[in-house]
1. Can you give me the long-range amide H partners of residue 99? Hydrogens built in the peptide plane at 1.01 Å from N, cutoff under 5 Å, separation of 5 or more residues or another chain.
2. From the phi of every residue in segment 66-78, what ³J(HN,Hα) in whole Hz does the Karplus formula 6.51 cos²θ - 1.76 cosθ + 1.60 yield, where θ is phi - 60° and glycine or proline is x?
3. Based on Cβ point charges of +1 for Lys and Arg and -1 for Asp and Glu, what charge dipole magnitude is obtained for the chain about its Cα centre, in debye rounded to the nearest 20?
4. Rounded to the nearest 500 deg cm²/dmol, what is the calculated helix-only ellipticity per residue at 222 nm for the chain, with -39500 (n - 2.57) per DSSP H run of length n ≥ 4?
5. Taking the Cβ of each residue in 11, 77 as the centre, tally the other Cβ atoms inside 10 Å and list the residues starting with the fewest.
6. Check which residues have an amide H placed less than 5 Å from residue 86's amide H, if you skip close sequence neighbours.
7. Step through the residues of segment 22-34 one at a time and calculate ³J(HN,Hα) from phi using the Karplus curve (6.51 cos²θ - 1.76 cosθ + 1.60, θ = phi - 60°), rounding each to whole Hz and writing x for Gly and Pro.
8. Find the Rg to Rh ratio for the chain, where Rh is the Kirkwood radius over alpha-carbon pairs and Rg uses the same atoms.
Amino acid sequence: MTERTVMAKLVAPVQLATQLRDAITRLNRRVRQTRPVGDLTATQLSALTSLELAGALSPRELADIERVRPPTMTKIVAKLEDRGLVQRAPHPTDGRQVILSATEAGRAVLARFERARNEWLADRLAELTQEERDTLVRAAQILQQVARA
């Protein structure tokens, strides 16, 4: 048995869960922090991403998804709209409401953020050995499996 195999057998599932959660949280935080300078705040980016993923949402639905109060979401949407990243359209069934969606410019901003994040992570992965990258390929597959469970 290799040292790595022995160590894996000694780590209890609860300890492994803690280690994985901590590593994933730190990596996710670092990736989220990687963005073009002077662009959107994390909150604005999150709202724009939610709109892009959902296709279109009412301001209330967006506030619920982002877990903020509607007045806070109104301010966020106003800033995104001022930058031409979000557009309003009449609600199809309720004339008192509007539907929000990302504009072409908003989608371009999201693509730029994604490229910056992918480049940052690719640079970090390039610093690893081939064996470490091979291990991460397998780990990514396993994490996908865990996420589907």
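Quick note: the coordinates plus some simple rules give every number you see, no bench work behind them. For clarity, every value in this text was computed on a predicted model and none was experimentally measured. All Cβ positions, even for glycine, are placed from backbone atoms using ideal geometry, and neighbour counts span all protein chains on display.
1. Amide H neighbours of residue 99: 89, 91.
2. Rounded to whole hertz, the list is 7, 6, 10, 6, x, x, 5, 5, 4, 5, 4, 5, 4.
3. Values: 24 positive and 18 negative charges, 70 e Å.
Dipole size: approximately 340 debye.
4. Roughly -23000 deg cm²/dmol at 222 nm, from the helical runs in the chain.
5. Values: 11 12, 77 22.
Going from least to most buried by this count: 11, 77.
6. 81, 103
7. After applying 6.51 cos²θ - 1.76 cosθ + 1.60, I find 5, 5, 5, 4, 5, 5, 4, 4, 5, 5, 4, 6, 7 Hz.
8. Details: Rg = 20.2 Å, Rh = 18.3 Å.
We get a ratio of 1.11 for the chain.
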